[in-house]
Amino acid sequence: MKEIQSRTAGIENKENTIVVGYDFGKESVQISFCRKNTEPESVAPVVGVEKFQIPAALCQLDSSGQWLYGDEAVKAAARGDCKLAGNLVSNCRKQDPAEAESREESGQENSGENRKEDPVRLLGLFLKKTFSLVKTASGGAEIAAVMFTFESLDGDVIRIIRAATAELYVSETKIYIQDYKESFLSYVLNQPIEIWKQDVVLFECRDRKMMAYHLRMNQKTLPAAITISENYYDWPYGAEGENHGSMEERQIFPDDSGKSATPDTEFGKIIGLEFNKKVVSGVYLIGGCFDKTRLRKSMDYLCMGRRVFGGRNLYTKGACYAARDKFFETGRQQYLYLGEHMVSSNIAVEVKKGAERELFPLVEGGRHWYDAGASCEFILDDTREIRLRIIPLMGAEAATQVLALDNLPKRPPMTTRMRMDLSFSARREIDITVEDLGFGELFPGTGRKWRYKITLL
């Protein structure tokens, strides 16, 4: 008999194994890849052309039925050769999950027409098309893990990506997801330490706003605690610094002299508000609005005693670093980041070992809530309850959560086997199911289930 292995089993030691960072923006995607001991490399759809943004769009040619993606799809739709399918993730949000599941169970998705209209399958097709670029750029390397990164995350995005990647040749346990803030963190921690020995700030122009991520590290805690704040400032200027608003909008932001504001004076004010007497050692600028000819004074100030970098592919490379750290287990364990998608407590169950009571760990804090969970089986002694310990990572007092097993059949001690499954429906929402498995033929299980929902503080 030959052992059957998972889709990525045993590939960790292959020299030609890569991990991928996939930045899924609102209108375009960027992709990068790296090996265990190499730096991330961005993927361009056209060889030799340093244009890394790929429009997140698909279309099927009316004449031949061929599927196009990216720039080719946009151009074909502009010529009237096909109907463009954009907003790939947003369209998946609009689909009723129950309707999609019903269609899948009935086999309707196998017909050509239904297959085209299913937004999750369209997204999956787009992912397959773009992953072929990675294969080509990497010389046919095997993709071992993928980190998707989004500006923001919720349960719908998690569900959509997991459904759309089901047919990719990557194990579902190696499909990772994180937000832009965490990709920013992953990027920074993989740079020389002199860049992040103090605070690090990222500025980005988004939708007539100037967004700032401010990374701070508390070296006095062990492990060092990292926080990232997110602030937005009005920025009515275009990508290259010109004002796209009306004259009235230009007058909204007068400088101290009472004159009309300029991009330079406005960015200077934003820097002052964001830094606010804090020591900043590194700055990253994303977008086309940071033109030094228009932002001369503010850019000169930024560069005084700080390392300043500009570019557009930080999130995809940060996601690639994160995938590498997770898959090859090269992460920096001495740092603790409790972002908005992280479980903030350790969770354990009280068990009896001999005459002593101990804590058996179930969930380790600091993990993404959508990846956290546990299943275990145990035998009850003379108790009719389960006691969980909730231990916050940041020093708050631990709490005990008692799960009462009402209407549990009466049996002698040590003759009731139970199964407990724990999962998260949100960062602070835990769903628990406990099932009576009985004890063999002597005390058959009833199949009775108890369900609980716990809200973490």
Starting from region 366-395, keep only residues that are surrounded by 14 or more Cβ atoms within 10 Å (Cβ to Cβ), then list their pairs with residues that are aromatic (Phe, Trp, Tyr) and part of a strand (DSSP E or B) whose Cβ atoms are within a distance under 7 Å, requiring at least 6 positions of separation or different chains. Trp369/Phe424; Tyr370/Phe424; Ala372/Phe424; Gly373/Phe424
Consider region 156-184. How many of its residues are more than 19 Å from Lys94 (Cβ to Cβ) and charged (D, E, K, R)? 6
Can you name every residue in region 354-378 that is more than 15 Å from Ser344 (Cβ to Cβ) and not hydrophobic (A, V, I, L, M, F, W, C)? Gly354, Glu356, Arg357, Glu358, Pro361, Gly373, Ser375, Glu377
Does Val308 qualify as being more than 27 Å from Glu41 (Cβ to Cβ), in contact (Cβ under 8 Å) with a residue 12 or more places away in the chain, among the hydrophobic types (A, V, I, L, M, F, W, C) and not assigned by TED's automatic domain parsing to the domain that holds Pro40? no
May I ask you to list the residues in region 152-183 that are of a type outside the set (Ser, Thr, Tyr), modelled with pLDDT of 90 or more and touching a Gly at 6+ places or on another chain (Cβ under 9 Å)? Ala163, Ala164, Ala166, Gln178, Asp179, Lys181, Glu182
Considering residues of region 351-372 that are within 18 Å of the chain's Cα centre (by Cα) and not charged (D, E, K, R) only, the residue farthest from Phe150 (Cα to Cα): Gly365
Sole exception among (1) of a type outside the set (S, T, N, Q); (2) at pLDDT below 95; (3) exposed (fewer than 15 other Cβ atoms within 10 Å of the Cβ); (4) not in a helix (DSSP H, G or I) for Glu230, by number: (2)
Out of all the residues in region 342-350, is one or more crowded, with 20+ Cβ neighbours inside 10 Å, over 14 Å from the mean Cα position of the chain (by Cα) and of a type in the set (Gly, Ala, Ser)? yes
Spans of strands (runs of 3 or more DSSP E) in region 390-449 with at least 2 residues closer than 18 Å to Val349 by Cα, among the β-branched types (Val, Ile, Thr) and over 25 Å from the mean Cα position of the chain (by Cα): 399-404, 429-439
Go through Phe443, Phe424 for me and flag whichever is in contact (Cβ under 8 Å) with a residue 12 or more places away in the chain and touching a Lys or Arg at 6+ places or on another chain (Cβ under 6 Å). Phe443
With the first residue restricted to region 257-270 and required to be surrounded by fewer than 15 Cβ atoms within 10 Å (Cβ to Cβ), and the second required to be modelled with pLDDT under 95 and in a helix (DSSP H, G or I), Cβ contacts under 8 Å at 6 or more apart or on different chains are Ser260/Arg250
Go through (1) surrounded by 12 or more Cβ atoms within 10 Å (Cβ to Cβ); (2) out of contact with any His (no Cβ under 8 Å at 6 or more places or on another chain) and name the single condition Asp406 misses. (1)
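The values are calculated or read from the model by the stated rules, or taken from the named source; none is laboratory data. Keep in mind that what you see is a predicted model, and the values were worked out from it rather than measured. Cβ atoms come from the backbone with ideal geometry, glycine included; neighbour counts cover every protein chain shown.
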